[in-house]
Amino acid sequence: MKKIFSALVIIVVLLHLFSCTRKEHIQIQALNNWQFKNTDSSVWFSATIPGVIHTHLLNNGIIEDPYFANNENNLQWIGESDWEYKTSFAGDEIIDKQNIELVFEGLDTYAEVYLNDSNILFADNMFRSWNVNIKSLIKENNNELIIRFLAPEKIEKMKADKLEYSLPDMRGFTRKAPYHYGWDWGPKFLTCGIWRPVYIRTWEEARIDNIQIVQKERNKSEAFFSANIEIVASENTKAELAIILENKGFELVENDIELKKGQNSISVDFVINDPVLWWPSGLGEQYLYDLSFELETSNYLSKKSERIGIREVELIREADTIGESFYFKVNGQPVFMKGANYIPQNNFLPLVSDQKYKQTIQSAVDANMNMLRVWGGGIYEEDIFYNLCDEMGILVWQDFMFACNLYPGDEAFLKNVEQEAIQNVKRIRNHPSIAIWCGNNEVNEGWFNWGWQKSLEYSPSDSLEAWESYLKLFEGLLPNVIQKYDPQRAYWPSSPKIGWGHEEAKYSGDMHYWGVWWGEEPFEIYEDKVGRFMTEYGFQAFPDLKTLDSCLSADDLNLASASLKNHQKHPRGMELIQAYMLRDYPVPDDFEQYIYISQLVQAYGIKTALEAHRRAKPDCMGTLYWQLNDCWPVISWSSVDYYNRWKALHYFAKKAYEDILISFEEENEKVKLYIVSDKLQNVTGNLAIKLLDVDGNKIWEETTAVNLPANSSEIYFEKTSDGFNKSNQLLHAELKIEDKVMAENFIYFSSSKNLDLPEATILHIVTKADAAYVIELRSDKLAKNVYLSTSHEGFFSDNYFDLMPGVPKKVQFLTNQEIPGFSKELKILCLNQISPTW
């Protein structure tokens, strides 16, 4: 009996060991040694993949830097040409595999693909991935893969000729990033190429294809989920499916399942005990759960991982006293969304490094943002973007990639878009950062307010067909995809709901407001034009001088330069910046000072908007300015330039987005002081208000205890400004909680150009600290908008700030460099020093 028992134990142990030797059978073979050429040439050049044609030409010394000076104008031939890429690979090690697939994660855009002289694919959508079974075509040696990219505008012209009416822009026929065709902040570079990874994938028996994690219910002790798992099998087989919670190191579920040949959908319920919630930045922890899914067949193992956050995000649209609300609840709490619009970080997308992604998202977090809008004229972003938003607590308003144009409604186009939508929804739906899906950017606005029907001479039947195409896509296809593949998230057809020229835009839906800039209205109009959720508004400024140095010669650093103007893509951009500058600021002749003033104009204008939106809480519950970042060195609406250098606006936004904000409002000679709190708890503190003059003399001071309700905006002080000396007096307010300054702000009673600013002497002392220089500044008079700069790379912890007389301020310059003589090399500029010449 003992011998039998021992034998059974040995058998069990051997079976366990055998099961543990199952190897993950999915293998990825990278395809290297690519070459490219113009289809009209016989000369081949090397290419690194992923990449695009412009970067390959640049790397081979065939073209000069596309971003420098006017080079853009001389490189349009690239997008007008057809290009061919090729590589070869051995198949001896994979030819006997059961399943052999060629996977393209991204082809830009019209591409004919040939393997061993067989046409295996015609790709026509930059936003889709493509998977081709090549089992029957592969050879042991010398497999040749050729991809021929066709110029998009040639194909668009052919498609346009077949449509009975005209689209506002022919790019609407092509599923390619719209900004590649040029925008009023970006160049026109019609890229082509293998812009995302390409590889051969082999596998046996079965593999996990996709997983959807659906959070069903939650209480303090348990969170209940369903995992909807898509499995593809090459034969009928039995398998074991396990879900492992990596954070805790234990198995949540193990099920025996039966798979049929082809596609299989398996739903498995599981529970996470003692759930820790995921919160947006500023409201709590961004706790993430790592789940592993393991599929074991008799001989093989397939693994896939997902990372989730436990949270509920709801879009609340309810009738109220002024219209219909539009705000987000997170974990049951109304949350004011603070952020910006995000565009692709480069015209040549493969150039964006992981480090660049981290810097850009970190800049949003450092400015106290909790939401970014992925704008519909760019791309569905890389996985790292959404991973970083998950980790850093940035919610994402995700547009589908349609912007400022009409689109065809034929069956082929809609089927193409449907696959695009399904693939991208399935790819990113498990990210806790995704808050909402939006059908498009300004297409509804354009239809009703931009005069397309008149300018394009539409007949009644043309208008009917164009509008029906709109409805098919944005009111039919896309919401149906969301309902089927991500039903827990809200879908919003078009941003904005109503155009900015209509009064009713203020009372429901989201709002874009371009009366400032496009309408040339004063910044103060922002205080009236406040919607329920502000998704676009903005103003331009020059980037940092070092950024312009990277793309211009020294001779071009002047306002008359044609090369500089090529880096200003708005047709009236220079004119409008100067017009607004003349209204409120001194206009200098010096180019570097002009950059400085342009940034102050932008920062002042958008600060006016941000504070007005936050004061209007809870009627307004979100503000996303245009725009966070740039895709090349340019004069634009961004607050962070192409090299992630902060403009004045980003420093101003950081303060305006703090969880407690002091904000002044002046109307009819009366000053009101609001305190806005985004905290989810009541807090108490002491509010100190001073009337000062520019020399630092205190006219009067008042201190009072204040109670701040959670999630509130209330008035705490009112006073008439009649009798103030408006050219040299200001109000300063400061809120302390437990002796720590939690918020402060200023109000001036004249425009900056009309302030009686004295000569100010600013003294500074520099000390070295770990990875930083600490700069302590002190001024004898009010020094307005103090700007610190250096030729060295690094980051100032604060900048463009007002330095009060006699009040010391410390700023860190973060850098890993040792900079001899840094104190002498440091430049200090303030508005007091600017002499107007206009």
Next item on the list: Please express the Cα-Cα pair-distance distribution P(r) of the range 196-261 as a list of whole percents, one per 10 Å bin, running from 0 to the bin with the greatest distance.
Entry: 15, 40, 30, 13, 2
Notebook entry, point to check: With every protein chain present, what accessible area does Arg311 have (1.4 Å probe, heavy atoms only), rounded to the nearest 10 Å²?
Noted result: 30
Margin query: With a 1.4 Å probe and all protein chains kept in place, how do Lys415, Lys690, Lys426 rank by accessible area, largest first?
Written below: Lys415, Lys690, Lys426
Next item on the list: Enter the accessible area of Ser42 (Å², nearest 10), with the probe set to 1.4 Å and all protein chains included.
Entry: 100
Note to self: Using the Karplus curve 6.51 cos²θ - 1.76 cosθ + 1.60 with θ = phi - 60°, what ³J(HN,Hα) values do you get for each residue of the range 366-379, in whole Hz, with x for Gly and Pro?
What the structure shows: 5, 8, 6, 7, 10, 8, 10, 9, 7, 5, x, x, x, 9
Next item on the list: For every other residue with a beta carbon closer than 9 angstrom to the beta carbon of Val671, add +1 if it is Lys or Arg and -1 if Asp or Glu, then tell me the sum.
Entry: -2
Checklist line | Radius of gyration and maximum dimension Dmax of the range 727-836, Cα, Å | finding: 15.3, 44
Note to self: Rounded to two decimals, what is the ratio between the C-alpha radius of gyration of the range 79-152 and 2.2 N^0.38 Å?
What the structure shows: 1.15
Checklist line | chymotrypsin sites (Phe, Trp or Tyr not before Pro) within the range 571-622, DSSP loop, no more than 13 other Cβ atoms inside 10 Å | finding: none
Item checked: Percent of C-alpha pairs per 10 Å bin, the chain, short to long -> 2, 11, 20, 23, 20, 13, 7, 3, 1, 0, 0
Notebook entry, point to check: For the range 362-495, what is one quarter of the convex hull surface built on the Cα atoms, given in nm²?
Noted result: 8.7
Next item on the list: Taking the Cβ of Tyr407 as the centre, find all other residues whose Cβ is under 11 Å away and add up their charges (Lys, Arg: +1; Asp, Glu: -1).
Entry: +1
Notebook entry, point to check: How far is the Cα center of the range 343-376 from the Cα center of the range 610-666, in Å?
Noted result: 15
Next item on the list: Report the chymotrypsin sites (Phe, Trp or Tyr not before Pro) located in the range 514-551 that are in a DSSP loop and have at most 13 other Cβ atoms inside 10 Å of their Cβ, or state none.
Entry: Trp518
Item checked: Mean separation of Cα contacts under 8 Å (6+ apart) over length of the chain, as relative contact order % -> 9
Note to self: Straight-line reach only, C-alpha to C-alpha below 18 angstrom: list the lysines that Lys768 could link to, leaving out same-chain residues fewer than 8 apart.
What the structure shows: Lys809, Lys810, Lys824, Lys827
Next item on the list: Net charge near Asn116: determine it from the other residues with C-beta under 10 Å of the C-beta of Asn116, scoring Lys and Arg +1 and Asp and Glu -1.
Entry: -1
Item checked: Reach of Lys303 by Cα under 22 Å, taken over lysines that are not fewer than 8 positions away in the same chain -> Lys23, Lys97, Lys238, Lys248, Lys260, Lys261, Lys426
Margin query: For a quick check of understanding: with a 1.4 angstrom probe and all protein chains in place, what accessible area in square angstrom does Ser459 have, to the nearest ten?
Written below: 40
Check: Could you give the semi-axes, largest first, of the ellipsoid that matches the range 517-578, computed as the square roots of 5 times the alpha carbon gyration tensor eigenvalues and rounded to whole Å?
Finding: 30, 13, 9
Checklist line | Bins of 10 Å, starting at 0 and running to the largest distance - Cα pair percent for the range 295-398 | finding: 12, 36, 28, 16, 8, 1, 0
Check: In whole angstrom, and with the biggest value first, how far do the Cα coordinates of the range 198-348 range along each principal axis?
Finding: 62, 47, 30
Notebook entry, point to check: If you take the square roots of the eigenvalues of the alpha-carbon gyration tensor of the range 454-583 and sort them as a ≥ b ≥ c, do you get rounded (a/c under 1.5), prolate (a/b over b/c) or oblate?
Noted result: prolate
Check: What residues qualify as long-range amide H neighbours of Asp269, i.e. H under 5 Å apart, gap of 5 or more or another chain, H built at 1.01 Å from N?
Finding: Ala227
Check: Can you give me the Cα centroid spacing of the range 214-248 and the range 500-575 in angstrom?
Finding: 48
Next item on the list: Beta carbons within 10 angstrom, averaged per residue: use that to sort the peptides 358-367, 567-576, 128-137, 630-639, highest first.
Entry: 630-639, 358-367, 567-576, 128-137
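The values are calculated or read from the model by the stated rules, or taken from the named source; none is laboratory data. The model shown is predicted, which means the values in this text are computed figures rather than measured ones. Cβ atoms come from the backbone with ideal geometry, glycine included; neighbour counts cover every protein chain shown. Each accessible area value is taken on the protein alone, full model and side chains, heavy atoms only, with ligands, DNA and RNA left out. Shrake-Rupley method; radii C 1.70, N 1.55, O 1.52, S 1.80 Å.
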